[in-house]
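Chemist: One structure, pasted below without further comment.
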Amino acid sequence: MTDKVKLSDMESNIAVSGKTRVCGLIGDPVEHTLSPLIHNSLAALMGIDLIYVPMRVESGSVESAVRGAYDLGMLGLNVTVPHKISVMDAALYIQKNAAVIGAVNTLVRDREEKGYIGYNTDYLGLKRALADDGISLKDRNVVILGAGGAARAAAFLCAFEHAGSVYILNRNADKAEALCRDVNLFSESEGIKGNEDDALCKPLPLDAHSDVPGSDLTVIQASSVGLHPNTEDVIIDDESFYARISYGFDLIYNPAETRFMRMVAANGGRASNGLKMLLYQAVCAFELWNDVKVPSDITDRVADILRAASSPAPEDSR
Ligand code: NAP
């Protein structure tokens, strides 16, 4: 019996009663999301009476959707593209790190007042996925490939964790510069300095990777290059870059092994995909909604369920 079969058994056994709490995902599109699989599995395995449903919400309707969710008694919401910024206007208040990052992917019902508190569990998911691999960013020389929404969470995680220096390499130079500016403003205000006693984050073009110093690099691949179906694409194709990488984390998990990961491994480094990040951002939201701690044997079981379901699967849309 495969995990997929076990899961479909589990899903068909979901019993909804008058006491069942409802959580969900808002975004556009939401059709390919794996979040219901994660949360409904967590609820079943933890014995928590909760059901999780995806809901497509168009831009312009986010505030009314969140108000309606609260009035319907929903326990919490996940928020995905393209609403992670606009949803901040619909929250009662924003937790500090989510406000610093400038994006919210989780709304948690406030029991006292009329609304939801906004959190960001994307950066927490990445932090926990790295920790599973024994990786701490403190004092590390980190390279982030990409400067979109996911790279933003990664770059702020580097600041929160007091990385030594952070190089953001992106095709669009303006976006890399803007992200570095935001992270440096925050880190300077907190007194966080880079290894070389200057700005923490530095923008670079993709073809300037040899300007990054060191031979023990931690690289976070946060671009969408290599995502299914373009599985043979890689954002930097120069072996000399990979020879300096000791650890590479690719946020992509479909395919399970990207060309970036293969190149890191072929040059003697360790590499992981983004499946655990996806899992842990959900686990963090689940823990906030239900005020529980999910034990590691359950996260391991849900990781197996996810692996079985996501390969080959539609690309990530959270
Ligand atoms: P995004 O905001 O659209 O950013 C995409 C990034 O990829 C940009 O930096 C873009 O560069 C770069 N890029 C795209 N095509 C490129 C190309 N042909 N050459 C060079 N660079 C290119 O997307 P996102 O939300 O940050 O997501 C990025 C990736 O992370 C996606 O694959 C997504 O599935 C994955 N992700 C995974 C998780 C997880 O939990 N594992 C969570 C979030 C995202 P420009 O700025 O130059 O356009």
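The values are calculated or read from the model by the stated rules, or taken from the named source; none is laboratory data. These figures come from a predicted structure and were not determined experimentally. Here the Cβ is made from the backbone with ideal geometry for all residues, glycine too, and neighbour counts use every protein chain on show. Note: accessible area is taken over every heavy atom of the protein model, side chains too, but ligands, DNA and RNA are not part of it. Shrake-Rupley method; radii C 1.70, N 1.55, O 1.52, S 1.80 Å.
Chemist: Quick one: what are the phi-derived ³J(HN,Hα) couplings along region 19-35, Karplus 6.51/-1.76/1.60 with θ = phi - 60°, whole Hz, x for glycine and proline?
Modeler: 9, 5, 8, 10, 10, x, 10, 10, x, 7, x, 10, 4, 9, 5, 9, 4
Chemist: Hey, got a sec? Which trypsin sites (Lys or Arg not before Pro) in region 60-126 land in a DSSP loop and have at most 16 other Cβ atoms within 10 Å?
Modeler: Arg111, Lys114
Chemist: Moving on. Which of rounded, prolate, oblate describes region 184-293, given a ≥ b ≥ c as roots of the alpha-carbon gyration tensor eigenvalues and a/c under 1.5 marking rounded, otherwise prolate only if a/b is larger than b/c?
Modeler: Working: a/c = 2.11, a/b = 1.07, b/c = 1.97.
Note, shape of region 184-293 comes out oblate.
Chemist: What is the diffusion coefficient of region 36-103 in µm²/s, taking the Kirkwood radius over Cα pairs and the Stokes-Einstein relation at 20 °C with a viscosity of 1.002 mPa s?
Modeler: 159 µm²/s
Chemist: Compute the angle between helix 62-71 and the longest alpha-carbon principal axis of the chain, please, reported from 0 to 90 degrees and rounded to the nearest 10.
Modeler: Value to nearest ten degrees: 40.
Chemist: If the limit is 19 Å between Cα atoms, which of Lys175/Lys276; Lys138/Lys175; Lys175/Lys202; Lys84/Lys138; Lys96/Lys202 go over it?
Modeler: Values: Lys175/Lys276 27 Å; Lys138/Lys175 25 Å; Lys175/Lys202 12 Å; Lys84/Lys138 27 Å; Lys96/Lys202 24 Å.
In this structure, Lys175/Lys276; Lys138/Lys175; Lys84/Lys138; Lys96/Lys202 lie more than 19 Å apart at Cα.
Chemist: Under 5 Å between amide hydrogens, which residues at least 5 positions from Gly248 or on another chain qualify, with H placed 1.01 Å from N in the peptide plane?
Modeler: Val219, Arg270, Ala271, Ser272
Chemist: Given N residues in the chain, what is Rg(Cα) / (2.2 N^0.38 Å)?
Modeler: 1.00
Chemist: In the chain, which Cys residues have no partner Cys with a Cβ closer than 4.7 Å?
Modeler: Cys23, Cys158, Cys284
Chemist: On the accessible surface of the chain, probed at 1.4 Å, how many percent belong to carbon and sulfur atoms? Kindly include the intermediate steps, with their values, before the conclusion.
Modeler: Values: 6900 of 13930 Å².
C and S fraction of accessible area: 50 percent.
Chemist: If one takes the longest principal axis of the Cα atoms in the chain, at what angle in degrees, from 0 to 90 and to the nearest 10, does the Cα axis of helix 3-12 lie?
Modeler: Roughly 30 degrees between the two axes.
Chemist: As a test of the formula, what do you get for the chain when each DSSP H run with n ≥ 4 contributes -39,500 (n - 2.57) and the sum is divided by the residue count, at 222 nm and rounded to the nearest 500 deg cm²/dmol?
Modeler: Taken over the chain, the calculation gives -11500 deg cm²/dmol.
Chemist: Calculate one ³J(HN,Hα) per residue across region 120-130 by plugging θ = phi - 60° into the Karplus curve 6.51 cos²θ - 1.76 cosθ + 1.60, and present them in order as whole Hz with x for glycine and proline.
Modeler: Whole-Hz 3J(HN,Hα) from phi for region 120-130: 10, 9, 5, 5, 5, x, 5, 4, 6, 5, 5.
Chemist: Lys202's amide H: which non-local residues (gap 5+, or another chain) put their own amide H closer than 5 Å, with H modeled 1.01 Å from N in plane and none for Pro or chain starts?
Modeler: Placed amide hydrogens put Val166, Tyr167, Ile168 under 5 Å from Lys202.
Chemist: I'd like the Karplus ³J(HN,Hα) series for region 143-153: coefficients 6.51, -1.76, 1.60, θ = phi - 60°, whole numbers in Hz, and an x wherever there's a Gly or Pro.
Modeler: 10, 10, 9, x, 9, x, x, 5, 5, 4, 4
Chemist: Whose amide H sits under 5 Å from the amide H of Val53, counting only residues 5 or more places off or on another chain, with H placed in the peptide plane?
Modeler: Cys23, Gly24, Leu25
Chemist: If the reach is capped at under 29 angstrom between alpha carbons, list the lysines near Lys19, excluding any in the same chain fewer than eight residues apart.
Modeler: Lys4, Lys6, Lys114, Lys293
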